Each structure stands twice: as structure tokens, then as C-alpha cells.
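Below you'll find the structure, written out as C-alpha cells, and then a few comments.
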């Protein structure tokens, strides 16, 4: 009945399903949650404000193919993400740029002097070369003073462990600027879906060759189907019944509040690296410039157990990951399985990377299928 089963209706799963459907495949999408869009899911609250169910998501990419794909299913509201960090009792720009240095060090510095200033900070600091962990990477870029202020305690809260326990790769997503660019991302294409991520994914899945089942656990029904292809986007370790042990994921407790005021903070997201138990506060109305006399804010508290949000890149987890990926390689060689996405590859993906991975893997699969027919 179905040529392909896609497990998960997040960005990777919905993209895979759409490309397969457009190639003529009859596709069944099975989603454990009672909604589509995965961690990008959003909704309108009672204040008329679009709330991101699992915390803030900003779409940004330099990949033209990915941008053209998503633009088939939504218009984008022009939005460029700006973040402030609350340190030493004040809001300062983050990522670190020239203006951050002016605020923190009380100096008047030109943009062309920033690189040299940071080099001096680094020279005064101690770290391993080559870097062995998260701390080494950050200190090698900005020095110990800025590391202590912006990264050390935030990382402890975010990951529940010392920065020295985390792999160097965790720090690769952290931008540092030598100019006054206050945007969090510098990608060519940026924005928020004008009608929300949920509507966008619903449109991606709206195809006559796609059947969607919500609130169904794939592992309870998989023996009922014998498809040519299974695209799996769920947890990597769960698929193999934890044969090499559980992989660690970090989760979040999200606390929503409605305030009787128009705005709570000057930007959508403020990080709290040192003070308070939460890591950041999001004020959602900034994203789509929505008008309301009230405002909706969200406090984020990282926790150990719960919905898997982030892969935890410790040495132990990376060793387990390699063992699982060898099993994945065996299955994918049969031509009957593809593992795609953050959870299925135990890898941090931005949204555009999750879509890109699906586009590339499914296109390659279809090309190989044509050759073998």
C-alpha cells in the first residue's frame, strides 16, 4: 500500500516525505506527537501572539536550494535575530563584537583594533593546543575574561556538566565578531514564516501521495508495514533498542507567562549566563512584530529528563554514537532505510541543515533507484 514510511513529521521528515511524494511514491508519515513540525511547532496564544512551543526558532541559511524549497510553502517575515546577554547587572550585545568589548572593558576601540585586542586577551590565558574541549575552543578565541563572563556558567546550566567535559565541536556554533554587527546570524537568507512553522510544515505535507498519522508510536506499528523504504528521524539509540547503551539528550522546562504590559525586554531573546536558574528569556511578539497590549514571555530551564532537545557531546556519547552509526551504515546499504536529522544522526543540526540533509539523502536515494531499475 505504501512505498515509503517516514518516521517523524519534523523538518527532516516532512521534507523527505514531500520529495518522495513528488517522485510518485505513496508515503505514510507516522508522528508520535499529536502535531506536526517537531520542535519548530508553534501556535497563536490567547493574546494573538505566535508562541514557539519548544523555544525560539529563527530560520537562517546560506543555502539557496534550501531557501527556495521552504519558500514554496510560506512567505517569510523579514526578521534578523538580535540577542542581549545580562552580565554584571546590564544588557550587553551578544555574540561578542566591538560594542560588547566597549561595554565590558570600558574602552573606546575601533573595529580594526578588535582582532588585536582579542589576541592579547588570548595570550594572557591558559588553554590546550590543539583544543581538547569546549573551554579550550572558546578561550582560544576570546580569552579567559570573556569566557568566564559569557560562556562558563551558561554552559554549566545548559549542559549540566563542566565545559571541560564537552567536546570541542560544541563550541563551533559560537560566533565572535570583530565589527559592530549585532545580528546573531549573518546568513544571506533569514526570517520567520509569516504564518508560523506549523502552517509551513502542514503545507509541505499537503500532497495527494502523503498520508499522515499523528499520535502513533512507530515502534508499536512497524511490523504492520513492508515498505520499500523507511526514513527514520527519531532517536538513534531507540531504533536499535539501546543495544550500545542510552545516548544522552538534554531537555528543557519551558515556563510561559503573560504580562500586563506591551513589552518586557528590548529584544526577543536575553541570555542569563550567570544570574538566575534560567538560561534565557524569550519575548515572542518581537519575531513577527505582533501587536498586543499584553506580552508573552518564556523562561528556559535546562533539565536532564524529558523531550530530547539537544545531543550531549561528551566522549562517552560520541563513542556510543560511532557504534550506532556503524549499524546505520549496514541498514542504509540495503537500500531500505535512511536515517536523517538531529535525533537519528545524533548530531546538532540547524533547521536549514535538517532540511538540507533530507533533500540530499532523498535525492541521492531516488537517483540510485532509477539506476537500479
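Figures for the structure shown
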{"read-out": "Degrees between helix 11-22 axis and first principal axis of the chain (Cα, 0 to 90, nearest 10)", "value": "40 degrees"}
{"read-out": "Extension gain (nm, one decimal) between residue 26 and residue 241, 0.36 nm per residue minus Cα-Cα", "value": "74.6 nm"}
{"read-out": "Of all DSSP beta bridges in the chain, antiparallel share, percent nearest 5", "value": "65 percent"}
{"read-out": "Average Cα contact separation per residue, the chain, under 8 Å, 6 or more apart, as relative contact order %", "value": "26 percent"}
{"read-out": "Two-site FRET efficiency, residue 75 against residue 43, from Cβ-Cβ distance with R₀ of 22 Å, rounded to 0.05", "value": "0.75"}
{"read-out": "Gained length - residue 214 relative to residue 319, 0.36 nm times residue gap less alpha-carbon distance", "value": "34.4 nm"}
{"read-out": "Cα→Cβ-extended label distance, 7 Å offset, between residue 199 and residue 187, nm", "value": "2.0 nm"}
{"read-out": "The range 198-275 versus the range 304-338: alpha-carbon centroid distance in Å", "value": "16 Å"}
{"read-out": "The chain: calculated mean residue ellipticity at 222 nm from DSSP helix runs of at least 4, using -39500 (n - 2.57)", "value": "-9500 deg cm²/dmol"}
{"read-out": "Percent RCO, i.e. relative contact order, over the range 249-303, from Cα pairs under 8 Å lying at least 6 residues apart", "value": "49 percent"}
{"read-out": "Spin-label pair residue 310/residue 228, simplified geometry with 7 Å Cα→Cβ offset, distance in nm", "value": "4.1 nm"}
{"read-out": "Mean Cβ neighbour count within 10 Å, used as a protection proxy, ranking 7-19, 28-40, 79-91, 114-126 highest first", "value": "7-19, 28-40, 79-91, 114-126"}
{"read-out": "Global geometry of the range 159-247, whether rounded, prolate or oblate, following the gyration tensor of its Cα atoms and the 1.5 cut on a/c", "value": "oblate"}
{"read-out": "Length released on extending from residue 109 to residue 132, taking residue separation times 0.36 nm less the Cα-Cα span", "value": "5.1 nm"}
{"read-out": "Label-point separation, residue 348 to residue 291 (7 Å along Cα→Cβ), nm", "value": "3.9 nm"}
{"read-out": "Peptide ranges 321-332, 156-167, 134-145 listed from the most packed, as the mean C-beta count within 10 angstrom indicates", "value": "134-145, 156-167, 321-332"}
{"read-out": "Label-zone membership for the range 72-86, site residue 173, 7 angstrom Cα→C-beta point, backbone N under 18 Å", "value": "81-85"}
{"read-out": "Percent RCO, i.e. relative contact order, over the range 215-347, from Cα pairs under 8 Å lying at least 6 residues apart", "value": "35 percent"}
{"read-out": "Efficiency of FRET from Cβ geometry, residue 251 and residue 125, R₀ 35 Å, rounded to 0.05", "value": "0.60"}
{"read-out": "Overall form of the range 249-303 per C-alpha gyration tensor (a/c, 1.5; a/b vs b/c)", "value": "prolate"}
{"read-out": "Share of Cα-Cα pairs in the range 256-373 lying beyond 17 Å, as whole percent", "value": "72 percent"}
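Just so you know, all these numbers are worked out from the coordinates, no wet-lab data involved. From a predicted model like this one, the values you see are computed outputs, not experimental measurements. Every residue, glycine as well, gets a Cβ built from its backbone with ideal geometry; the counts of neighbours run over all protein chains shown.
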